[in-house]
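The structure appears right after this line, and notes come after that.
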Amino acid sequence: MGYDRIDARILEIVQKNNRLTSDSIGELAGLSATACQRRLKRLRSEGIIEADISIVSPKAVGRPIQMLVLVSLERERADIIDRFKKAVRSSVEVVNGFYVTGDADFVLYVTARTMEDYEEFTRNFFYVNPDIKGFKTMVVLDRIKAGFAIPVEAPSEA
């Protein structure tokens, strides 16, 4: 997987606004729309662009309660980790999940309609799972930044 200076510019553009047309992206990157489409297709097929997403306001869609949850597993075995990853991927309440090092094994970003709904989620997701040693919930008071934009540096010319 590799990218050049023009690809880096395209990545910067689409991270800021994924709704732009190929014409607009091409114009900003100094390419024709066709050349831009080819590069975008390649960037997606090589996994450099992982997803085309929009960030939705949790409050606007009736899920104003947001939590960061630190999860510790009983044991760190591949089958237990894989099983938990699968559960995270299949849960609609879990918006983002990260397998991490440190005090916890996973960090989850979870949304809920009410605290009662979150309590029900914890019962169904954590308490019934014998592989979970424990979890700690931090309630989000204010989301001050939301995004997935990664700083993209143009590769140096060799």
Counted residues in the stretch 91-129 being part of a helix (DSSP H, G or I), surrounded by 14 or more Cβ atoms within 10 Å (Cβ to Cβ) and among the aromatic types (Phe, Trp, Tyr) come to 4
Return only the number of the condition from (1) in contact (Cβ under 8 Å) with a residue 12 or more places away in the chain; (2) surrounded by 11 or more Cβ atoms within 10 Å (Cβ to Cβ) that Lys41 does not satisfy.
(1)
Residues in the stretch 11-23 that are within 23 Å of Ala146 (Cβ to Cβ) and surrounded by fewer than 15 Cβ atoms within 10 Å (Cβ to Cβ): how many?
4
Which of (1) exposed (fewer than 10 other Cβ atoms within 10 Å of the Cβ); (2) under 30 Å from Asp7 (Cβ atoms) is the odd one out, the single condition Asp142 does not satisfy?
(2)
So Ile132, is it surrounded by 17 or more Cβ atoms within 10 Å (Cβ to Cβ) and either touching an Asp or Glu at 6+ places or on another chain (Cβ under 6 Å) or modelled with pLDDT under 95 (or both):
no
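Restricting to the stretch 1-34, what's the tally of residues that are among the polar types (S, T, N, Q) and outside any helix (DSSP H, G or I)?
Step one: of the stretch 1-34, the residues among the polar types (S, T, N, Q) are 15, 17-18, 21-22, 24, 32, 34.
Still in the running and outside any helix (DSSP H, G or I): 17-18, 21, 32.
Selection size over the stretch 1-34: 4.
If the requirement is being over 21 Å from Thr137 (Cα atoms), among the small types (Gly, Ala, Ser), in contact with a Lys or Arg (Cβ under 8 Å, 6 or more places away or on another chain) and not assigned by TED's automatic domain parsing to the domain that holds Phe135, which of these qualifies: Ala35, Ala29?
Ala29
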What number goes with the only condition from (1) assigned to a helix (DSSP H, G or I); (2) in contact with an Asp or Glu (Cβ under 8 Å, 6 or more places away or on another chain); (3) closer than 30 Å to Val128 by Cα that Arg39 does not pass?
(3)
Could you please let me know if Ala8 is at pLDDT 95 or above, surrounded by 11 or more Cβ atoms within 10 Å (Cβ to Cβ) and under 22 Å from Val152 (Cα atoms)?
no
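The values are calculated or read from the model by the stated rules, or taken from the named source; none is laboratory data. Note that the structure is predicted; figures quoted are calculated from it, not measured. Reconstructed Cβ throughout: ideal geometry from the backbone, glycine too, with neighbour counts over all protein chains shown.
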